[in-house]
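Comments concern the structure below.
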Amino acid sequence: MNHGVYVTEQATSVSTPNVAASGIPFVVGVAPVHSAAKAVKPGVPVLCRSWDEAVQQLGYSEDWKTYTLCEFMHSHFELYGCQPVIFVNVLDIGTMKQAVEAADLTVTDHKVRLPIAAINDETLVVKAAGGSGDALSLDKDYSTYYDGENLVIEAIADGSCYEAAKINVAYNKVTPATVTEVNISTAMESVELCLTTLGTVPDLICAPGYSHKPTVAAVMVTKAAGINGLFRAKALIDIDCSSGGAKTYTAVQEKMKAGNLTDQDEICCWPMVQFHGHTYHMSTQLAGLMAQVDTKNGCPYESPSNKPMQIDGLCLEDGTEVILTHAQANNLNSIGVVTALNFNSWVAWGNYTACYPGNTDIKDNLIPVSRMFDWVANSLVRTFWSKLDRPMNRRLIDTVLDASNIWLNGLTGAGYLLGARAVMLEAENPMENLMAGIIKLHIYMTPPAPAQEIDFVLEYDASYVSALQG
């Protein structure tokens with residue numbers, strides 16, 4: 001026997017919420033990964049929490065039309081100051097390359113500058129001018145490094161080519177132009193790896209430079225509807241504004257119909273935007289703005305509309321300026337397209353997903369409401385996954401209900417929801433389901449809709465004239 005006073009601990013009966021992150025982009029595209037210090041494998045998701053991390057693992061180039069991930073890196077980290085981002089590079093330098101024949105190149109200041117497409121590996125062969133004789137020795141006669149938009153070959157002071165006016169160089173270069181829609185669509189499948197390899201599930205799916213292609217957009221929205229068959233996200237889609245795309249706001253609706261862009265998990269954008277001489281896909285900057293607003297609030301209950309964007313103009317893909325009036329921007333909103341408006345300052349403009357106006361359910365067609373439903377769903381999955389396969393008794397059910405209601409009440413108290421509750425309805429839980437270990441709990445919730453219209457009524461009140469009589 002034990003003689004004395006003893007204390008034991010019992011596990012807390014109410015689960016602590018495992019709140020899902022929001023505003024985390026999953027971005028598929030092309031990066032100059034061959035120039036990176038610690039290059040990642042093609043098709044593999046990599047989590048980057050800073051500009052330096054992204055450059056180290058993906059490389060960087062100002063040629064955003066070719067290297068589309070660099071546009072997103074610059075916007076998200078430099079303009080919006082948000083993190084993290086999950087990148088997937090599809091440029092495979094093992095297969096997407098071609099040989100450049102040996103040629104004599106002029107040496108300037110003891111350096112030869114090759115384009116950034118040049119691959120710095122054993123295929124880079126440097127010889128004396130004319131190409132005769134043995135190859136010069138790396139780290140003895142010359143060194144190599146990437147600098148901006150170039151692969152630099154620099155002659156070493158004690159080497160045999162230090163005073164040479166020309167050297168002969170042969171190398172391989174990457175061929176990013178060979179990246180296809182199929183490559184991008186295939187890489188989208190790797191979003192399924194994020195939970196197990198990175199411990200993070202994204203809720204924004206992006207592919208700047210490719211999302212305007214119908215086949216890519218279709219895969220994006222399919223993945224957004226159910227990552228790992230469990231988690232929900234939104235696909236940010238750019239409406240094509242190239243020479244063959246929508247060059248005016250009136251042509252946007254036809255492009256949406258042609259691309260079948262009518263889903264509640266799609267957020268469509270038009271046109272492109274500019275800032276300090278750079279051109280960005282609007283989806284790129286919208287992702288940064290959404291992440292910024294989500295980070296401020298801790299959840300996606302607030303719309304990105306009417307929030308400042310880092311832009312100084314709108315344009316088509318070829319740089320042609322686009323000017324939108326308030327009425328024209330509202331016309332785009334009315335067909336489920338997000339754009340930008342210059343009203344004292346440049347702001348995002350639009351609250352609707354692509355399913356509007358065909359789908360009138362506000363939980364589907366309003367961006368912040370739909371995203372809150374996604375976020376609550378994702379949080380419930382993460383919170384109660386640990387309860388799976390435990391004995392199904394009343395204590396388990398009450399624990400889940402109590403924990404859910406405490407969390408929902410907190411969201412309501414913070415103003416993120418107007419009201420919410422979790423209940424177990426008898427009609428939704430027939431005896432045969434309970435016997436099979438299947439429980440269905442019903443969440444009632446009302447996220448606040450964005451205040452899209454504020455009307456003032458002005459009326460002349462003659463009674464105030466009496467004040468003139470003293």
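Just a few scattered comments:
- Cβ-Cβ distances below 8 Å connect the following pairs, each with a first residue in segment 338-353 that is under 15 Å from H281 (Cα atoms) and among the polar types (S, T, N, Q), a second residue that is in a strand (DSSP E or B) and open to solvent by 40 Å² or more (accessible area, probe 1.4 Å), and a separation of six or more residues or different chains: T339/W349.
- Checking D312 against (1) farther than 30 Å from T66 by Cβ; (2) out of contact with any Pro (no Cβ under 9 Å at 6 or more places or on another chain); (3) not polar (S, T, N, Q), the condition it does not meet: (1)
- So V112, is it over 22 Å from Y210 (Cα atoms) and open to solvent by less than 10 Å² (accessible area, probe 1.4 Å): yes
- Selection within segment 409-422 - aliphatic (A, V, I, L, M) and within 18 Å of P17 (Cβ to Cβ): L411, A414, L417, A420, A422
- Test: D147 is exposed (fewer than 15 other Cβ atoms within 10 Å of the Cβ), free of Cβ contacts under 8 Å to residues at least 40 places away in the same chain and within 27 Å of Y280 (Cα to Cα): yes
- Considering segment 228-285, the qualifying strands (runs of 3 or more DSSP E), each wholly inside and each with 1 or more residues that are in contact (Cβ under 8 Å) with a residue 24 or more places away in the chain, open to solvent by less than 10 Å² (accessible area, probe 1.4 Å) and of a type in the set (K, R), run over 234-238.
- Residues located in segment 192-220, provided they are assigned to a helix (DSSP H, G or I), more than 27 Å from K257 (Cβ to Cβ) and open to solvent by less than 10 Å² (accessible area, probe 1.4 Å): C194
- Within segment 341-376, the set of residues being touching a Gly at 6+ places or on another chain (Cβ under 9 Å), farther than 19 Å from A225 by Cβ and among the small types (G, A, S) comprises just one member, G350.
- Failed item, numbered, when D294 is tested on (1) touching a Gly at 6+ places or on another chain (Cβ under 6 Å); (2) part of a strand (DSSP E or B); (3) not aliphatic (A, V, I, L, M): (2)
- Qualifying residue in segment 51-61 (condition: at pLDDT 95 or above and closer than 22 Å to M309 by Cα): yes
- The single residue among Q98, Q56, Q83 that is under 16 Å from the mean Cα position of the chain (by Cα) and either of a type in the set (F, W, Y) or surrounded by fewer than 22 Cβ atoms within 10 Å (Cβ to Cβ) (or both) turns out to be Q83.
- Of the numbered criteria (1) surrounded by 18 or more Cβ atoms within 10 Å (Cβ to Cβ); (2) touching a Gly at 6+ places or on another chain (Cβ under 8 Å), the one V27 fails is (2).
- Among the residues making up segment 150-182, none is basic (K, R), crowded, with 19+ Cβ neighbours inside 10 Å and more than 38 Å from the chain's Cα centre (by Cα).
The values are calculated or read from the model by the stated rules, or taken from the named source; none is laboratory data. Keep in mind that what you see is a predicted model, and the values were worked out from it rather than measured. Neighbour counts run over all protein chains shown; Cβ positions are idealised from the backbone, glycine included. Accessible surface is based on the protein model in full, side chains and every heavy atom, while ligands, DNA and RNA are left aside. Shrake-Rupley method; radii C 1.70, N 1.55, O 1.52, S 1.80 Å.
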